[in-house]
Amino acid sequence: MRSAAVFLALLLCLQWTWAQGESGEVTGTDAETEGGNRQEEVQFEIQGVGAAHDQSSSQTNISPDIWAELKELRDMAIEQKVELRNSKSKIEKLEQENAATQARLTASESKNAVLEAKMSFYEGVVKELQRENMVLETRMSSSENEVAELKRENAATQARLTASESKNAVLEARMSSYEDMVKTLQRENKVLGATVTASNNKVEELRRDNTVLESRVNTSENLVAELRRENMVLETRMSSSENEVAELKRENADRPKVAFSAGLTDAGPVGPFNTEITLKFSKVFTNIGQAYSPTTGIFTAPVRGVYYFRFTVWGGRPSAWMGAYLYHNEKRMTLSYDYNDEQAYVSASNALILQLEKGDVVYMTLYPGSGVFDDSFNRTIFSGFLLFAL
Ligand SMILES: *[C@@H]1O[C@H](CO)[C@@H](O)[C@H](O)[C@H]1NC(C)=O
Ligand SMILES: *[C@@H]1O[C@H](CO)[C@@H](O)[C@H](O)[C@H]1NC(C)=O
């Protein structure tokens with residue numbers, strides 16, 4: 001209740017202060033209008049408070065303290081009036097500042113529009129980047145998996161590397177021994193190089209020789225070809241010759257083989273006789289073809305042909321005739337004889353080539369009145385053979 005009273009007093013005081021301001025320092029239409037409005041409000045408030053005061057009816061006495069308080073309040077109001085005046089100038093100042101701020105705001109807003117456009121562009125970019133980010137994250141996660149996989153592989157590789165390194169050490173040792181071998185081989189190579197050079201020279205020489213030999217071989221080959229051709233001709237001729245030879249062999253095989261030789265006797269003298277007798281040469285040395293008969297002393301031609309005959313007759317009877325005939329069939333071909341007019345030996349020989357028909361006969365007879373002699377010395381012999389058939 002008391003606070004309500006204080007508030008009422010304050011309001012009265014304020015009314016008074018404004019009244020003072022209108023007549024004094026505070027001027028301007030705005031302030032007057034404001035003041036008028038305030039006056040009405042305050043009047044209304046006073047009526048309201050008055051009604052509330054009537055209802056309570058216990059607030060009948062106002063103590064001197066209130067006046068003191070009111071005085072205090074009036075001082076405060078004055079103080080506030082000063083402050084208000086200051087505030088007004090401050091407000092003006094602020095209004096100027098506001099105008100400036102407004103200008104800046106407008107500038108700011110246009111700037112803002114630009115920035116908003118930029119912002120929306122950047123938002124688009126950001127969204128794009130976010131999408132890309134997601135893609136990258138997916139890729140990143142797969143990459144991470146890959147990295148993990150690679151780490152595992154790395155570990156395995158490391159293990160293999162270690163094994164490899166130990167193997168490497170072994171290989172290096174072997175390598176060094178191989179290097180020694182290589183050095184040795186290089187030395188040997190030098191020696192071989194010299195040998196190879198010498199060999200190459202020799203090879204060149206051999207090539208030259210080869211060319212010479214090749215030309216000789218070519219010549220020989222040509223010769224061989226020539227000889228082959230000739231050989232073929234000769235082979236043809238040879239084969240025809242062989243055929244001829246075979247033919248001749250067959251002919252030869254068919255040709256009759258005729259040859260004889262026979263001595264007269266081992267018994268000594270034959271003759272003399274008054275008549276002409278056929279001499280039977282009984283000691284057969286040879287009788288191919290059995291054309292000669294030692295029992296009759298007659299040769300019979302087995303084929304038509306040319307025949308050769310010869311004989312020798314021998315005599316040892318002193319002062320006596322020695323002689324014989326050779327006959328072709330009934331024809332005398334020769335009489336060969338001699339007279340032993342000294343105490344010695346005589347002989348007669350002759351030869352004939354005769355053409356005989358098959359079945360013709362040839363033989364010798366003793367010349368009448370003469371004698372011949374033969375013994376184991378084989379002094380009297382008759383021979384003949386076929387020269388060729390016709
Ligand atoms: C030998 O003959 C062959 C073949 O006809 C030929 O190529 C080569 O040049 C000849 N060689 C000589 C050395 O004449
Ligand atoms: C005479 O012929 C026979 C029989 O062939 C022979 O044994 C003998 O030695 C021959 N006689 C002479 C002196 O050659």
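The values are calculated or read from the model by the stated rules, or taken from the named source; none is laboratory data. The shown structure was predicted, so the numbers you read here are calculated from the model rather than taken from an experiment. Please note: Cβ atoms are built from the backbone with ideal geometry, for glycine as well, and neighbour counts cover all protein chains shown. Ligands, DNA and RNA are stripped out before the accessible areas are found, and what is left, the full protein with its side chains, is counted by its heavy atoms. Shrake-Rupley method; radii C 1.70, N 1.55, O 1.52, S 1.80 Å.
In square angstrom, what is the accessible area per residue of segment 259-389 with a 1.4 angstrom probe? Spell out each step's value before the answer.
Values: 6390 Å² over 131 residues.
It amounts to 49 Å² per residue over segment 259-389.
If contacts are Cα pairs under 8 angstrom and at least 6 residues apart, what is the relative contact order of segment 320-390 in percent? Can you show the working numbers first?
Details: 86 pairs, mean separation 25.3, N = 71.
Result for segment 320-390 is 36 percent.
Report Ile91's accessible area, 1.4 Å probe, all protein chains in place, as a number in Å² to the nearest 10.
80 Å²
Could you sort the peptides 94-103, 317-326 by per-residue average Cβ neighbour count (10 Å cutoff), highest mean leading? Numbers along the way, then the final one.
On the way: 94-103: 11.3, 317-326: 19.1.
Ranking, from highest mean packing down: 317-326, 94-103.
Would you mind calculating the gained length between Thr278 and Leu227 on full extension (0.36 nm times residue separation, minus the Cα-Cα distance), in nm to one decimal?
On the way: separation 51, 0.36 × 51 = 18.36 nm, distance 6.50 nm.
11.9 nm is the gain from fully extending Thr278 to Leu227.
With each label point set 7 Å from Cα along the Cα-Cβ vector, what nm distance links Tyr308 and Asn168?
Those two pseudo-labels are separated by 11.2 nm.
Can you check what the net charge comes to around Tyr307, using other residues whose Cβ is under 13 Å from the Cβ of Tyr307 (Lys, Arg +1; Asp, Glu -1)? Intermediate values should be presented prior to the final figure.
Working: positive: Lys257, Arg304, Arg310, Lys358; negative: Glu357, Asp360.
Net charge in that neighbourhood comes out at +2.
Take Thr295 and Glu149, extend 7 Å from each Cα along the Cα→Cβ direction, and tell me the distance between the two endpoints in nm.
It is 13.1 nm.
Ser349 versus Ser239, label points 7 Å from Cα toward the beta carbon: distance in nm?
5.2 nm
Please compute the net charge surrounding Arg187, taking Lys and Arg as +1 and Asp and Glu as -1 over other residues with Cβ under 14 Å from its Cβ. Before the final figure, lay out the partial values.
Numbers: positive: Lys183, Lys190; negative: Glu179, Asp180, Glu188.
Summing Lys and Arg as +1 and Asp and Glu as -1 gives -1.
Give me the net charge for the shell around Met140: Cβ to Cβ below 13 angstrom, other residues only, Lys and Arg +1, Asp and Glu -1. Can you show the working numbers first?
Details: positive: Arg139; negative: Glu132, Glu137, Glu144, Glu146.
My count for the surroundings of Met140 gives -3.
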